[in-house]
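The values are calculated or read from the model by the stated rules, or taken from the named source; none is laboratory data. Fair warning: this is a prediction, and the values are worked out from it, not measured in the lab. Virtual Cβ from ideal backbone geometry, glycine too; neighbours counted across all protein chains shown. Protein only, heavy atoms only, side chains kept; ligands, DNA and RNA dropped before computing areas. Shrake-Rupley method; radii C 1.70, N 1.55, O 1.52, S 1.80 Å.
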Amino acid sequence: QVQLQESGPGLVKPSQTLSLTCTVSGGSITTNYYYWSWIRQPPGKGLEWMGAIAYSGSTYYSPSLKSRTSISRDTSKNQFTLQLSSVTPEDTAVYYCAKGAVVAGTPFLNYWGQGTQVTVSS
């Protein structure tokens, strides 16, 4: 029922800010008690959770990316966004948005977008 779709530029120059939007349909991003995450996968590497925004608007970030990452939302459009500043070629990856919940203290990400390729290059 719930569908997520990433959108944004596929090419970003070094030192600039990467900005992506996740559009959610079939469910509200303010519904208790879900949270909405960004995850990325660099070429040949594993998945990396970047951060999330909860139904309440509270945000959470991976310690390794916290200084460069900002997640926000627009409830009127049922969208949430990712901004990653000061990017380098190492930020090249497929970026995913996902819906999740915490059950018995364990996080689950059970709905994912298809992912979007972002390349950082001059």
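Taking each of 45/66; 13/77; 13/99 in turn, the alpha-carbon distance tops 26 angstrom for 13/77; 13/99.
If every alpha-carbon in the stretch 1-71 counts as one equal scatterer, what log10 I(q)/I(0) does Debye give at q = 0.17, 0.18, 0.27 1/Å? After summing over all Cα pairs, the log10 values are -0.76, -0.85, -1.41. Considering only 28, 55, 65, the residue lying farthest towards the positive end of the dipole of the stretch 25-77 is 65, judged by Cα position with unit charges set on Cβ.
Taking all protein chains into account, the per residue accessible area for the chain stands at 53 Å² (1.4 Å probe). For residue 87, the residues 5 or more places off, or on other chains, whose built amide H falls under 5 Å of its own are 15, 16, 18. Both radii were evaluated on the Cα set of the stretch 59-104; the Rg over Rh quotient, with Rh as the Kirkwood radius, amounts to 1.00. Protein heavy-atom surface of the chain, 1.4 angstrom probe: 50% of the accessible area is carbon and sulfur, with nucleic acids and ligands not counted.
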